[in-house]
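What follows is a set of notes on a single structure, which appears directly below.
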Amino acid sequence: MADWEEVKRLAADFQRAQLSSTKQKLSERNVIEIVSKLIGLKLIEVVYTLDGKEYLTPQELAKEIKEELFVHGGRINLVELQQILNVDFSHVESKVTEIIKHDKNLTLVLGQLIDKSYLDRFAEELYDLPADFLSENVHERLGSVIKGQVDSYDNDVIFTEAFVARTRARIRGAFSAITRPTAVMAILSQYDFQERLFYSILEELNGYLEYDAMNRLGITDPKGFIKKRYKSEKPIFLSTCCSGRAIQDQIEASVEEALSTGAWTDIMPLVPTIFSTSDVNQLLTNCVSGNHEAVVCCDTMVVSRKFISNCNKPFASLMADKAEKDAKKNVSILSTQGGKGSHVKLSGMDDGSSGRDDKKEGRKKKVATCTKSGGGTQGREVKMKSTKKKYRARDQDDDSDDGGAQAIPKGREPELEFMSIDEITAVLRTEKDLEECPEEMLTEIATTLQRPLNREYQEVAKSIFLQSAGVATGRLVEKHTVNCRRKSTALTNAILFEKGIKQSLGDSSSSGEAPTEDSVHRSDEHGGQCYKATDHMVSLAEDTQLTSEGRAKVINRFQKKKKNWRVSKPNLTWCVIRTPGVPLKKPDKKKEGK
Amino acid sequence: MVDEATKRTLAQIPLHKTKAGPRDGELWVQRLKEEYQTLIKYVQNNKEADNDWFRLESNTEGTRWFGKCWYIHELLKYQFDIEFDIPVTYPTTAPEIAIPELDGKTAKMYRGGKICLTDHFKPLWARNVPKFGIGHAMALGLGPWLAVEIPDLIQKGVISHAERAMNGAEDT
């Protein structure tokens, strides 16, 4: 009947199973609702974890803190604790302070919760180790495990960095609160500062050390002392004092700012008054060395390249205007034998830049000869052509007169100056951005700008000039043909008239000759003059009807320069032919026959 | 035909191997052991799922079973006594579970308070002879019947919580 026994046993098991308590199951949603309801009713108090997935009661928090403390061997950082428990730091902190209040075995030191057992163990470990051994080991770990510095005068004293920082903050506070001269000793005693630390920090705070002052304190070798004292600081030794990191940083920051905003800055107000200009310059050079963006002006100022190039802007329009004007004037410069050129030279000499100009001239000449010899780009070629034409015209002039009288060297234009430094400075001063700049800086900027501006201007002037010259050349050719045609007709006419006159001389009176000659002469002359005028680039309006007075004036002008122009002439034919530069066709016999 | 939850419940309770009725002597003992094991497992599963809904016990021979079942409707617990005999032709014939106190109160019931099982219960049982046992009868027969009938009866006012309360109270 073992089977029935078994059935009985199973029946009993079944009853037990039925009577066992049902596992109460609540969905997470329900639980959250219940808990929030309870919180709402202020029946329970919970602390949420940072991820919001869990909450725990303050009692649980306290329990967990204690457990963690135990696990970590009696000492735990609160921050670490916070990370482990994943609860907001304020909760951890307040709970810990609460626990400490109740539990005499716990202490909170520098954000670390420490159990008494830990201290006991610590003390046990240190027990009966000799002081020498300890200090040796401590020194060994300085800067690595132990963050602090040894007092250079007393090896037994170690300042932790935190202590030094705290002292520094206190000193800074005390000194910024001073409103009247106060004895340093008074401050020292009142705030109970470590004397040596106090002095070194004070020096540090000032950011610089004056050698004189140090001498007064009885330090005979200031530089050596500083080197020894501030190994890690890398101070800069200047002529009168030694600058600390703080000042350098300050300078660097303002320089950087000036560079990044494309502005300028004066360093002088940033440094202590004791610094001399040369000191500042030294600091500044040190600071901007390797930085191509920065330009040091007037020893103490830093100007960014961007700023300087910005200064260039106002000149662009001025340059175009001036170039336009000069291009016109330039025509006369060329024809009036460099009068203007020499003048420019003179004005250039004011700032001593003539030497440079000369050099540039030389260089230019070289460039010009190169161009002549056939090299160069397309642009150059155009230029070359136009100049060549000019030369031809002038060469023909030279052929016809005694030549060599031209003072301007061939193949280059006279040196042109855009503006003098004073003028540039004046323009700069009117700029809005530059209003605050001191005079010296403007001058320096102007000096920097002058050369590139001049160069640029010369380019612009040249291109404008060549443009106008190119137009003129075109017109010249046109006129030349017209003139040729006119001349040949005039010549034919003249010959015809001459023949006619000769024929009629015998029987008619001589009264007819004069008007004929005059008319031929005038038509020829007018053409010739216009032609000559353009040739010489005297701006004569093409259609100007010359009166006999005006004509005389023009002729006079030519006569002064070139002796080839004859007004008085033995006979008509000669006069026409002598007009230079006009190839003449042989008089048409057919026409003559008529 | 059978809802998902029921299917899952069925899948979790063991099936029987022995085909034996009360008159089969030793084999019935074997069958009875299996019945108990199945019921224990079923009850445990229910409790795990917070879905305990009956108490059951039998006479020593395992031929007559009685106990309670309850149904919770609108946060109120309605509890009923149940009883049934193991038929002579068991397991070919399914047990007829009865709720005597509801006799005459609903049309879904035979005389004597035997619940009128759904049309598909019987073919399902027939297909699964001898694998199905008491546990299955409870899960597939009584469970769904209660779920359908009780809310209906409560709504009709045939049963009220007040008269059940005493019954429920003495048990819990």
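The values are calculated or read from the model by the stated rules, or taken from the named source; none is laboratory data. Only a predicted model underlies this, so the values are computations on that prediction, with no experimental measurement involved. Here the Cβ positions follow ideal geometry from the backbone for every residue, glycine too, while neighbour counts run over all protein chains shown. These area figures cover heavy atoms from the full protein model, side chains too; ligands, DNA and RNA do not enter into them. Shrake-Rupley method; radii C 1.70, N 1.55, O 1.52, S 1.80 Å.
Right, A:V109: β-branched (V, I, T) and in contact (Cβ under 8 Å) with a residue 24 or more places away in the chain or not?
Working: β-branched (V, I, T): yes; in contact (Cβ under 8 Å) with a residue 24 or more places away in the chain: no.
Against the criterion (β-branched (V, I, T) and in contact (Cβ under 8 Å) with a residue 24 or more places away in the chain), A:V109 does not qualify.
If you take the residues in the range B:45-66 that are within 9 Å of chain A (Cβ to nearest Cβ) and buried (at least 17 other Cβ atoms within 10 Å of the Cβ), which one is farthest from A:A17 (Cα to Cα)?
Taking the candidates together, the pick is B:G62.
Where the second residue is part of a helix (DSSP H, G or I) and the first is among the hydroxyl-bearing types (S, T, Y) and lies in the range A:249-262, which pairs have Cβ atoms under 8 Å and are six or more apart or on separate chains?
If the second residue must be part of a helix (DSSP H, G or I), the pairs left are A:S254/A:L270.
Would you please name the residue that is nearest to A:S20 (Cα to Cα), looking only at residues in the range B:24-33 that are more than 8 Å from chain A (Cβ to nearest Cβ) and crowded, with 20+ Cβ neighbours inside 10 Å?
The qualifying residue nearest to A:S20 (Cα to Cα) is B:R31.
For the range B:1-23, which residues satisfy the criterion of being in a loop (DSSP other than H, G, I, E, B), open to solvent by less than 90 Å² (accessible area, probe 1.4 Å) and in contact with a His (Cβ under 9 Å, 6 or more places away or on another chain)?
Listed by number, the residues that qualify are B:V2, B:I13, B:L15, B:H16.
Kindly indicate which of B:A137, B:A126, B:A107 is within 15 Å of B:K7 (Cα to Cα) and not hydroxyl-bearing (S, T, Y).
B:A137
Considering only residues of the range A:13-59 that are within 14 Å of chain B (Cβ to nearest Cβ) and hydroxyl-bearing (S, T, Y), which is most open to solvent (accessible area, probe 1.4 Å)?
Checking each candidate, the answer is A:S21.
Which one is nearest to the chain's Cα centre (by Cα), of the residues in the range A:90-106 that are open to solvent by less than 60 Å² (accessible area, probe 1.4 Å) and in contact (Cβ under 8 Å) with a residue 24 or more places away in the chain?
Ranking the candidates gives A:V92 first.
Check A:S289, A:S254 and return the single one that is under 18 Å from the mean Cα position of the chain (by Cα), at pLDDT 75 or above and among the hydroxyl-bearing types (S, T, Y). Working first, answer last.
Details: A:S289 fails: at pLDDT 75 or above.
Only one candidate qualifies: A:S254.
In the range A:1-83, which helices (runs of 4 or more DSSP H) lie fully inside it and hold 2 or more residues that are under 60 Å from the mean Cα position of the chain (by Cα)? Talk me through it step by step, then tell me what you get.
Numbers: elements: A:2-19, A:28-40, A:58-71.
Of the helices (runs of 4 or more DSSP H) lying wholly inside the range A:1-83, those with at least 2 residues that are under 60 Å from the mean Cα position of the chain (by Cα) span A:58-71.
Can you tell me which condition B:I72 does not meet? The list is (1) touching a residue at least 12 places away in the same chain (Cβ under 8 Å); (2) over 22 Å from B:Q37 (Cβ atoms); (3) under 17 Å from the mean Cα position of the chain (by Cα); (4) open to solvent by 70 Å² or more (accessible area, probe 1.4 Å), and all the others hold.
(1)
Take B:Q79 and decide whether it is of a type in the set (S, T, N, Q), within 30 Å of A:K25 (Cα to Cα) and open to solvent by less than 20 Å² (accessible area, probe 1.4 Å).
Considered against the rule, which asks whether it is of a type in the set (S, T, N, Q), within 30 Å of A:K25 (Cα to Cα) and open to solvent by less than 20 Å² (accessible area, probe 1.4 Å), B:Q79 comes out as yes.
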